[in-house]
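Everything on this sheet refers to the single structure shown next.
The values are calculated or read from the model by the stated rules, or taken from the named source; none is laboratory data. Only a predicted model underlies this, so the values are computations on that prediction, with no experimental measurement involved. Cβ: placed from backbone, ideal geometry, glycine included. Neighbour counts: every protein chain shown. Note: accessible area is taken over every heavy atom of the protein model, side chains too, but ligands, DNA and RNA are not part of it. Shrake-Rupley method; radii C 1.70, N 1.55, O 1.52, S 1.80 Å.
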Amino acid sequence: MTPTADDLFARARAVSIEAVAGVPLFRAGRRMRGGCPICGASAGKKADGAFSVDPEAGLFHCFACQRGGDVVELEKALGGGSARQAAERLAGAGLAARELKALSIRSSAERAAPPDRPGLDLEIWRSARAAVQGSPAAVYLEGRGIDPRLVAGIPAYVRFAEAAIWGWGEGGEKITAPAMVARPVTPSGPVPGCHVTYLAPGGLGKARLSPAKKMWGRQADAEGRPGAVWLTDPEAEGPLLVAEGIESALSAAQLLGQPCRIVATLSLGRLQGGLLTDKWGRISPAAVTADPERPPWTWPEPGEVILAVDRDMGAIRAKVRKTGGGTAERLLTAEDRARICAGLAKQAWKRAGATKVRVIAPGPGRDFNDELRARQDG
């Protein structure tokens, strides 16, 4: 019998988050710390590593790439696919999931390879010599339904590489693939690190590598401000549209149907920033407060800001304050997380001086590229 979604995700969340991370973790109080298996930050570090795991709560957070969530979210980041596909892999549900896992190139030997040796992010960026326009990266984006006119306006912060490093095989051989490479910036300029989308030959979809997207390097400036990638000239006309992913940002702008400046923050953490908890690690989902120590990406004198918040985030469990006092555990759904993201991001942009902030969203369970393609198909 096919398991219900609740059963499936419950079984998936019973899997050890430390085992899924697949990297050495070291005790730091009640948490475990180490190098991040997603972006490669702090490889080789121990209790001061950027990657933090709360084994009891089954949650993780990386202070470099700002990714975080439960074990399903971690598996999704490492193995690709949707939240349900990640849950199926964790729960071992279905032949398709097992076949997908067998196809993934994510062996322990590859995870143990040095993913962020000094200068590797810069090496990958320098290998991306071609403009997006006229490259397989343009084929990929246009194949996702994105208007060629938007693709034509992408600046040199995004480039195409014929053979970007993805990782290393069991024998130590280098694995490369064609790739769309994005370089984040802050108001102080380009920052170390890059975001890479690995492509199939000719740009006909993503590469059959797992994960097919990676973040390399720190991706923050000397003051610790996180970077994001411009998808238009920063001085272009119109409001500033900010979304998480490159395809989501371009799709949201296309659906909006008006000239705008477009930015992809490349991670949820850089779109919303951190969520402040009390001393017991609890939150109040209905009245979220931003953590000033973990700000999102913002830009000076932004003018009007449009926040494009996807609605396909995986559900996670969080400690919450009960109305009458005490602590409870609550499942934060995709809708809860989208609402929290919007609330935190609005706070940040108002502090940054935005003259107006509004939120747009796709249909339930969709990101903006899903919405765009559904409308094109319908």
Show me the trypsin sites (Lys or Arg not before Pro) within segment 257-292 that DSSP assigns to loop and that have at most 14 other Cβ atoms within 10 Å of their Cβ. LYS279
Any idea which of VAL23, GLY281, PHE63 is furthest toward the positive side of the dipole for the chain, if Lys and Arg beta-carbons carry +1 and Asp and Glu beta-carbons -1? GLY281
Could you please state, rounded to a whole Å, how far the C-alpha centre of segment 214-249 is from the C-alpha centre of segment 271-286? 24
Sorted by accessible surface (1.4 Å probe, heavy atoms of the protein chains only), largest first, PHE9, PHE60 come out as PHE9, PHE60
In segment 298-378, trypsin sites (Lys or Arg not before Pro) in a DSSP loop with at most 13 other beta-carbon atoms within 10 Å: LYS322
Amide H contacts under 5 Å for LEU59, placed H, 5+ residues apart: ASP54
Do any GluC sites (Glu not before Pro) in segment 110-214 lie in a DSSP loop with no more than 11 other beta carbon atoms within 10 Å, and if so, which? GLU173
Give the relative contact order (percent, whole number) for the chain; include only Cα pairs under 8 Å separated by 6+ residues. 12
Quote the accessible area belonging to ILE360 in square angstrom, nearest 10, computed with a 1.4 Å probe and with ligands, DNA and RNA left uncounted. 30
Solvent-accessible area of THR327, probe 1.4 Å, all protein chains present, reported in Å² to the nearest ten, please. 70
Give me the number: length gained by fully extending ALA14 to THR355, i.e. 0.36 nm times residue separation minus the C-alpha to C-alpha distance, one decimal in nm. 118.2 nm
What distance in nm separates the simple spin-label points at THR323 and THR277, each placed 7 Å from Cα in the Cβ direction? 2.4
Under a 1.4 Å probe, counting only protein heavy atoms, PHE63 has an accessible area in Å², nearest 10, of 100
Highest mean packing first, using Cβ neighbours within 10 angstrom, the peptides 225-231, 27-33 sort as 225-231, 27-33
Taking semi-axes √(5λ) of the Cα gyration tensor in Å straight from the coordinates, which label in [x] 28, 26, 21; [y] 36, 22, 17; [z] 47, 25, 21 is the correct one? [x]
Would segment 210-296 count as rounded, prolate or oblate if I go by the C-alpha gyration tensor, calling it rounded below 1.5 in a/c and otherwise prolate when a/b exceeds b/c, oblate otherwise? prolate
With just the Cα atoms defining each centre, how far is segment 306-378 from segment 171-196? Give it in Å. 27
Scoring segment 224-378 by relative contact order with C-alpha pairs under 8 Å, at least six apart, yields a percentage of 25
Only Lys, Arg (+1) and Asp, Glu (-1) charged, at Cβ; the chain dipole about Cα centre in debye: 780
So for segment 155-224, using the alpha carbon gyration tensor with a ≥ b ≥ c as root eigenvalues (a/c under 1.5 gives rounded; past that, a/b versus b/c decides prolate or oblate), I'd call it oblate
For segment 282-350, what does the relative contact order come out to in percent, with C-alpha contacts under 8 Å and a separation of six or more? 42
Looking only at Cβ-Cβ distances, which cysteines of the chain have no other cysteine closer than 4.7 Å? CYS194, CYS260, CYS341
